[in-house]
Amino acid sequence: MTSEGARLIAALAAGDGSTRLKAALAIGSSPEPGLVDALIGRCAIEPDFYVRDMLTWALTRFPSEITVPKLLAELRSERAQARSQALHTLSKIKDARAWPAITRSLLRDSDDEVARSAWRAAVALVPAGQEKDLAEELAQQLGRGNREMQLSLSRALVALGEAAVESALEKAMSSDDPDVRAHASVTKRLLHNPDAAFELDVDQAKRIFVLGK
């Protein structure tokens, strides 16, 4: 490792967020293979969103042969942020080798940020012909979490396309769970109008079902 590389590693741990941001930018601008571990390690603990985003960008600048195996190892971390950031970075790299690692346990992770990152990564990496299977798996999460969480899942489903998700949504709209029915209804509306806002919230959708409209 060069002396500049060592300096940048130290800067990644600086107390000042702008210093960390500049260090990640510098590493990505002149990728040095010996710095990958430092970037990945920082992803697991970095508190600033913008710095995390720059860390991900820096990792995408390295050959995937170097980064992907290390990121896959992070998916087994006990630290939720390590899993979430690794998934986010894999979704940006879009290396097909990562697909088998997007497991059901990650898609259903108890940590909301990990689950959301897994949904986005799965949509980015799903092989052609497996979109419907993925849609059926993602539909098992309908009704989960707050509005932001539900919007993330709806967007992931919509990104898979109508042919892949319509049957899963129809099934969910017949669920005994009113939260599932309502979320499925909102998602179907977005499916047919992807540019629309998430204008129909779950509570409103529930009322519509109760009224029989």
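The values are calculated or read from the model by the stated rules, or taken from the named source; none is laboratory data. Since the structure is predicted, the reported quantities are computational estimates derived from the model, not experimental observations. When we count neighbours, we look across all protein chains shown, and the Cβ atoms used for this are built from the backbone with ideal geometry, even at glycine. In case anyone asks, the SASA skips ligands and DNA or RNA and just uses the protein heavy atoms, side chains included. Shrake-Rupley method; radii C 1.70, N 1.55, O 1.52, S 1.80 Å.
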Cut-off under 5 Å, modelled amide H: who pairs with Leu142 long-range: none
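Which entries of Lys70/Lys92; Lys94/Lys132; Lys70/Lys132; Lys92/Lys188 have Cα-Cα distances beyond 24 Å here?
Working: Lys70/Lys92 15 Å; Lys94/Lys132 19 Å; Lys70/Lys132 29 Å; Lys92/Lys188 27 Å.
Correct reply: Lys70/Lys132; Lys92/Lys188.
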Grab the alpha carbons of region 130-175, take their convex hull, and tell me the volume per residue in Å³. 60 Å³
Provide Glu170, Glu74 ordered by accessible surface of protein heavy atoms (probe 1.4 Å), highest first. Glu170, Glu74
Based on DSSP H runs of at least 4 residues, each adding -39500 (n - 2.57), what is the mean residue ellipticity at 222 nm of the chain after dividing by all its residues, to the nearest 500 deg cm²/dmol? -20500 deg cm²/dmol
The size of the Cβ-based charge dipole (Lys, Arg +1; Asp, Glu -1) of the chain about the Cα centre, to the nearest 20 debye, is 100 debye
Over all directions, the average projected area of the alpha-carbon convex hull for the chain comes to how many nm²? 12.7 nm²
Log entry: pair-distance distribution for region 83-203, C-alpha pairs binned every 5 Å from zero, whole % per bin is 2, 12, 24, 24, 21, 12, 4, 1, 0
With a ≥ b ≥ c taken as the square roots of the eigenvalues of the C-alpha gyration tensor of region 22-111, please select rounded if a/c is under 1.5 and otherwise prolate if a/b is larger than b/c or oblate if it is not? oblate
